[in-house]
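Note sheet for the following structure.
Computed from the coordinates by the stated procedures, all read-outs in this text should not be read as laboratory data. All of these numbers come straight from a predicted model, not from anything done at the bench. Neighbour counts run over all protein chains shown; Cβ positions are idealised from the backbone, glycine included.
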Amino acid sequence: MQISANKVVMLKYKLSNHSTGEQIEETNETNPLVFLYGVGSLIPEFEENLANKTTGDAFDFHIIAANAYGDHDPQHMAMIPTNIFHDEEGKFDEQMFHVGALVPMSDNEGNQLRGKIVEVDEENVKMDFNHPLAGTDLHFSGEVLEVREATEDEIAHGHAHGPNGHQH
Ligand SMILES: [Zn+2]
């Protein structure tokens, strides 16, 4: 059975940084990716590269950042006064707020977002609110483990059910 709309696909892959070769993520037979194909749940170009493949087929392709999680946008960086991070005693906790730390924040509208600290000086903490993979060209390689017909429920819900899919 070939991968096309309304099929549930199970696959394993290695995701690495296409430019540096550094591994970012790996799934395997015991923890595969399972998804309903063609409903836009994954990066569109990722799905396009899998079209018509079948069980046992290997894949190896890359997706440039702009077509994956987007380019790194300097507008999504912010300088935040250190006093925002002060504890009740007016102290800045350097242990907690170090470069590289991920800190839960909320914007003016109360939306939760996670920022990564990229710089700390006397007055400001520079934070990056881009997606962690923004600006990264992604390289995927792996193998299709299973392709099956989606059930009516899965099509109605817009996602795969069963092991490694939605459990409900
Ligand atoms: Zn469901």
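So how do 39-45, 126-132 stack up, highest first, on mean other-Cβ count within 10 Å?
126-132, 39-45
For the modelled label position 7 Å from the Cα of H166 along Cα-to-Cβ, which residues of the stretch 1-42 have backbone nitrogen atoms closer than 14 Å?
Of the residues in the stretch 1-42, 35-37, 39-42 have backbone N under 14 Å from the label point off H166.
Using 0.36 nm per residue of separation minus the Cα-Cα distance, give me the extension gain between E146 and F92 in nm, one decimal.
Taking E146 through F92 to full extension adds about 14.3 nm, to one decimal.
Give the residue from A66, G21, G162 lying farthest towards the positive end of the charge dipole for the stretch 21-168; charges sit on Cβ (+1 for Lys and Arg, -1 for Asp and Glu) and the dipole is referred to the Cα centre.
G162
Can you give the FRET efficiency for S106 and D73, using 1/(1 + (r/R0)^6), R0 = 25 Å, r = Cβ-Cβ distance, to the nearest 0.05?
Working from the Cβ atoms, E equals 0.80.
Suppose the chain between E26 and F61 were pulled fully straight at 0.36 nm per residue; how much longer would it get relative to their current alpha carbon spacing?
11.1 nm
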